[in-house]
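These notes concern the structure reproduced below.
Here, each number is a calculation from the coordinates, and none is a lab measurement. On a predicted model such as this, the values are computed, not experimentally measured, just so you know. Cβ coordinates were reconstructed from backbone atoms using ideal geometry, including for glycine residues, and neighbour counts include every protein chain displayed.
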Amino acid sequence: MEGDIVQMGAYIGAGLACTGMGGAAVGVGHVVGNFLSGALRNPSAAGGQTATMFIGIAFSEALGIFSFLVALLLMFAV
Amino acid sequence: MATETQGVEEAGMELVFHPMDQFIIKPLFGDGPVGMFTITNTTLWMALSVLCVIGLLVLGTARRSIIPSRIQSVAELCYGFIRKMVEDVASKEALPYFPYIMTLFIFIVFSNFLGLLPMAFTPTSHIAVTAVMAMMVFLSVTILGFVKNGFGFLGVFWISAAPLPLRPILALIEVISYFVRPVSHSIRLAGNMMAGHAVIKVFAAFAPMVMISTGIGLMVTPLSILAITAIYALEVLVAFIQAYVFTILTCVYLKDALHPHH
Amino acid sequence: MATDTTTAATGHVSPIELEEVGKCVDSHGGAVGMPQLCTDWMSNQVFWLLVTLVVIFVVLSRIALPRIAGILAERSGAITNDLAAAEDLKAKAVEAEEAYNKALADARAEAQNIVAAAKADIQSDLNKAIAKADAEIAARSAEGEKVIAGIRAGALESIKQVAKDTTKEVVAAMGGKADAKTVTAAVSARMKG
C-alpha cells in the first residue's frame, strides 16, 4: 500500500515535471522568433549571428531537457 | 505499465516493450557481467563510429584530388565547418586546440547518426559518456585558463562592466554558473538523445495496436507510424544540432579560458 | 500494483529493490529504472569512450587533418596559379586581339589601295578604248558623209539630165525646136532657184 502511494506520487510528479518542457518550448520559440524578426530587419547581419542563436536555443532547451530528465527519473528510477 | 504488459502477454503477443530497454548495456559475447573491459554494445557502436571517421576522413581523402570526389568534399566540409567555428567563436589563438574539438565533434556526430539506425545503440545517450566528455572539456579549459592567464583567469568571474556594488553578487552567480557548466553541457546532449529515442520507442509501442484490437488499432496504428516518422525526422535534425551545440559551447568555454576579460 | 504477487506474475519488479542489489536488468532482460544511472556499466562505458576518443584523436591529428589541410592548401595554391595563368592568357588574348585588329586595318587599307589602283587602271583603259572608239566613229562618219555627198552629187546630176531630157521632149512636143544650150541654161537656172 505504501509503495502504491509512492508510485502514484512519482507518476503524478512525472506528469507535472513534463509541464516544464512547455516552458522550454516557449523559450526556444521566443529565441528563434526574435532572431527571425531581427534577421528580417537586417538580413546582412543575420548570417554571423546564427551561432549565437544556436547557443541561445541550447541554453533554453537544456532546461526543458532537465524537466524531462526529472520526469524520467520519477518514472523509472524512483 | 505492469498490467499492460500482463494483458499483452496473456494475449500471446510480446509486443509491448520498455522504452528504456534500448539503453541497456549488454555484453556482445556471452551473458557474463559487464566489467570494465568487457566488449559490449557500446564498444561495438563506438568502434563503428571510429570506422566511419576513418572511412570519411582518411579513406575519403586518400586520393588527395584537387577536384574533390563527393566523399572528399564532405570531409573537407566537416574540416572547414569546425575550423571556421573554432576561429570565429574562440578566436585564432584557439586553433592549436582544433584537433581536440574536431575529435569531440566527429565522435558525437557519428554516434548520434549511427544511433538513429534501427536496432542501433547510441553511446551518446548515456550520461556516463557525455559527462566524461564534458568533464574533460571543463577540466582542460579551467587548467588552460590558469596556465595561460595565471590568477588573471579569475577575472572571468569579476565583471568589470557592472557597477561596483553588484560585482560580488554577480561574481557568486558567475561562479555557480561556471561549475554548472559541465552538468548542463553533458545532460543536454545525453538528455536530447535519450528523449528522442525514448519517444520513438513509446510511439513504436503503440504502432502494433491493430494486431491487438482492430477497432482502435485502425486509428492508432497509422497515427503512431506517422508520429514515428515525424519524430525521426526531428531526431535527424537534433542529432546534428546537439553535436554542433556541444562543439560550439566547447569553443565558447575555450574563448573564456583564452580571453577571460570579456 | 507492486505487491509481491503481481511482481511474481508479471516479472516487473520495483526498481528500488533491484538497484539496491546492484542489478540493472530484470529476469527478462528488460530495463529496471534508467539504464543511464546504472553504476555497474559506467566504468565500461568510460573505458571504451576514452579508447575511442584516443583512437579518433590519433587518426585525426596524425593522418586526416594534416592531409585535408594539405589538400586545401594545394587547392588554394592551384587556384592562385590558375588565376595568374588566366591573367596571363587574358593579357595575351588582348594582345592578340590588338594584333588582329591592326592586321585587319592594314589589310583593309591595302585592299582599298588595290581597289583604287584597279579602278585607275580600268579608268585609263576605258578612256583609251573610248578615245579609240570615238576616233573610229569619227572616221566612219566622215566616210559615210563622203559617200552621202557623192550619192547626192550623182543624184543632182541625174536629176539635171532627166530635167534636160524632159524639157527637150516637152519643147519638141510643143512644136518647137529645142536648142541644147538654152535648155541646159534654163534647167540650171531653175534648179538653182
| remark: Measuring from its Cα centre, the range B:2-258 shows a charge dipole (+1 at each Lys and Arg Cβ, -1 at each Asp and Glu Cβ) which, in debye to the nearest 20, is 1040 debye
| remark: Residue-normalised 222 nm signal for chain C, counting each DSSP H run of n ≥ 4 as -39,500 (n - 2.57), nearest 500 deg cm²/dmol, is -28500 deg cm²/dmol
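How well do other chains shield peptide A:5-12, expressed as the mean number of their Cβ atoms within 10 Å of each residue Cβ?
The mean count of partner-chain Cβ atoms within 10 Å per residue comes to 1.
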| Can you pull the percent of Cα pairs in the range B:91-131 with separation above 12 Å? | 64 percent
| query | Mean residue ellipticity at 222 nm from the helices of chain B, using -39,500 (n - 2.57) per DSSP H segment of n ≥ 4 over the full residue count, to the nearest 500 deg cm²/dmol? | reply | -23000 deg cm²/dmol
| field | Taking only Cα atoms of chain C, radius of gyration then Dmax in Å | value | 68.3, 196
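Rounded to the nearest angstrom and ordered from largest down, what semi-axes does the equivalent ellipsoid of the range A:2-77 get from its C-alpha gyration tensor (root of 5λ)? Don't skip to the answer; put the middle values down first.
Numbers: eigenvalues 290, 21, 4 Å².
So the three semi-axes of the range A:2-77 are 38, 10, 4 Å.
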| Gyration tensor over alpha-carbon atoms, the protein assembly as shown, equivalent ellipsoid semi-axes in Å | 114, 34, 24
| query | Looking at the P(r) of the range C:97-193, how many percent of alpha-carbon pairs lie beyond 23 Å? | reply | 65 percent
| note | Computed over the Cα atoms of chain B, the Rg and Dmax in Å are 23.0, 72
| request: Could you give the spread of the C-alpha atoms of the range B:28-143 along their three principal axes, from largest to smallest, in whole angstroms? | output: 50, 39, 22
| said: Using a 10 Å cut-off around each Cβ of peptide B:247-255, what is the average number of partner chain Cβ atoms that fall inside? | reply: 2
| task | Evaluate the distance, in nm, between pseudo-label points positioned 7 Å from the Cα of residue B:151 and of residue B:67 along their respective Cα→Cβ axes. | result | 6.3 nm
| field | Vicinal HN-Hα couplings computed from phi for the range A:60-76 (Karplus, 6.51 cos²θ - 1.76 cosθ + 1.60; Hz; Gly/Pro x) | value | 6, 6, 4, 5, x, 5, 4, 5, 4, 5, 4, 4, 4, 4, 5, 5, 10
| said: Using a 10 angstrom Cβ neighbour count of at most 15 plus a DSSP loop assignment to flag exposed trypsin sites (Lys or Arg not before Pro), which longest range of chain B is free of such sites? | reply: B:65-262
| said: As I understand it, the value is the acute angle between the Cα axis of helix B:214-258 and the longest principal axis of the Cα atoms of chain B; what does it come to in degrees, rounded to 10? | reply: 10 degrees
| Leaving out same-chain residues fewer than 8 places away, which lysines sit with a Cα under 20 Å from that of residue B:84? | B:92, B:255
| query | Can you run phi through the Karplus equation (6.51, -1.76, 1.60; θ = phi - 60°) for the range C:67-75 and list ³J(HN,Hα) in whole Hz, with x for Gly and Pro? | reply | 5, 5, 4, x, 4, 5, 4, 4, 5
| said: 7 Å from Cα along Cα→Cβ at both residue C:171 and residue A:8: what's the point-to-point distance in nm? | reply: 18.6 nm
| message | Please report the net charge: other residues with Cβ closer than 11 Å to the Cβ of residue C:182, K and R +1, D and E -1. | response | +3
| task | Using only the Cα atoms, work out Rg/Rh for the range B:141-232, with Rh taken as the Kirkwood radius, to two decimals. | result | 1.42
